[in-house]
1. Pairs please, first residue from the stretch 297-310 and without any contact (Cβ under 8 Å) to a residue 24 or more places away in the chain, second anywhere and part of a helix (DSSP H, G or I), Cβ atoms under 7 Å, 6+ apart in sequence or on different chains.
2. Checking residue 301 against (1) over 25 Å from residue 176 (Cα atoms); (2) buried (at least 22 other Cβ atoms within 10 Å of the Cβ), which test does it fail?
3. Would you tally the residues in the stretch 306-343 being buried (at least 24 other Cβ atoms within 10 Å of the Cβ) and modelled with pLDDT under 95?
4. Quick check on my filter: what residues within the stretch 82-105 are in contact with a helix residue (DSSP H, G or I) (Cβ under 8 Å, 6 or more places away or on another chain), surrounded by 15 or more Cβ atoms within 10 Å (Cβ to Cβ) and assigned to a helix (DSSP H, G or I)?
5. Determine whether the stretch 271-288 contains at least one residue that is surrounded by fewer than 17 Cβ atoms within 10 Å (Cβ to Cβ) and touching a residue at least 60 places away in the same chain (Cβ under 8 Å).
6. Could you grab me the full set of residues in the stretch 294-321 that are farther than 30 Å from residue 26 by Cβ and in contact with a helix residue (DSSP H, G or I) (Cβ under 6 Å, 6 or more places away or on another chain)?
7. Take the conditions touching a helix residue (DSSP H, G or I) at 6+ places or on another chain (Cβ under 6 Å), in the same structural domain as residue 20 (by TED's automatic domain parsing) and surrounded by fewer than 21 Cβ atoms within 10 Å (Cβ to Cβ) and apply them to residue 54. Does it pass?
8. For the stretch 24-47, state whether one or more residues are assigned to a loop (DSSP other than H, G, I, E, B), over 30 Å from residue 323 (Cβ atoms) and touching a strand residue (DSSP E or B) at 6+ places or on another chain (Cβ under 7 Å).
């Protein structure tokens, strides 16, 4: 069964940018739907992974692109890297908007030396599908609604922890999430994670050992949603520091991991600078660890990490289309005296603190770290939110709210 196209958050951004900018590159993890979306905005599609089309473009890139109905989609551009030079020259000569869209695969992100598009090609990040995208109802980003002071109950069906766990295990890769049965989805995800440490490494040509990379990837997945130092990761994977840093860079470049950096403020003391580890999609946590619905429900630590990875994936994708310049961080004082799961900083000024709890009945104590942050940075603090698995929104204090997780996409 092939699912019909579901509007993506990026669609509106792509359409808007094409009216003002000459060239766009849609970037993100493999199988996140980049080409499917890009095709909908193009008048000409050139698939450079097809040898016949690639040969024509490689022979004379400038002539091959000249006079085509625009926008022109160059899919898998890394197969003919010379085409970027032609895009650069075309944009320099005639910098009118809406000329080119570029999409590429893993190797496109690894081979940065082939990229001459700086200042000419604008990147748009596209992540695995959010829940609202899967439902076909892309919504206003959650942080924008919070900034507008409109926290509300999530309408429609009431969800509980098991519903959220099902969503987290399903994840957001379009083919797996929309078209496959649970058993087939498990096989698809197993293959996806296996190819990261085998096929993608070979494409990178970096000489990485797939077995050791697999151990590092598994160690990382076990800590998704947590703060752990580099030493712990490379010790768990039984690799040295230099090797581990190389693996980390590779996984970052292919958008498999996307960490939350530490948020800092001169008003707060003794804040850790370590990032919070995050896989790009919660379904990968289950695929790598072998977790199932039943095993997660018996492991509170894994449940918390999976739920947080899932919610952060929603917020990350929404941040790319926020009306604010929204950047996501985490906050933790040394020794964990105070810590907040997600800090959404808007326009480098205001802050929304977000805690993610696997509870249906949050209390004021669940917001104590948010209250501390509010009292510490008063004028910068817009709101503190405890996202929970229950059905209702209610106030926990001054600028502090308990809100169902489903409100993130409702």
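The values are calculated or read from the model by the stated rules, or taken from the named source; none is laboratory data. Note that this is a predicted model, so its numbers are computed, not measured. So basically every Cβ, Gly included, is an ideal-geometry build from the backbone, and we count neighbours across all protein chains shown.
1. Sorted first by the residue in the stretch 297-310, then by its partner, the pairs are 302/296.
2. Answer for residue 301: the failing condition is (2).
3. 0
4. Listed by number, the residues that qualify are 83, 84, 86, 87, 89, 90.
5. There is at least one residue in the stretch 271-288 that is surrounded by fewer than 17 Cβ atoms within 10 Å (Cβ to Cβ) and touching a residue at least 60 places away in the same chain (Cβ under 8 Å).
6. Correct list: 296, 302, 303.
7. Yes.
8. Scanning the stretch 24-47, I find no residue that is assigned to a loop (DSSP other than H, G, I, E, B), over 30 Å from residue 323 (Cβ atoms) and touching a strand residue (DSSP E or B) at 6+ places or on another chain (Cβ under 7 Å), so the answer is no.
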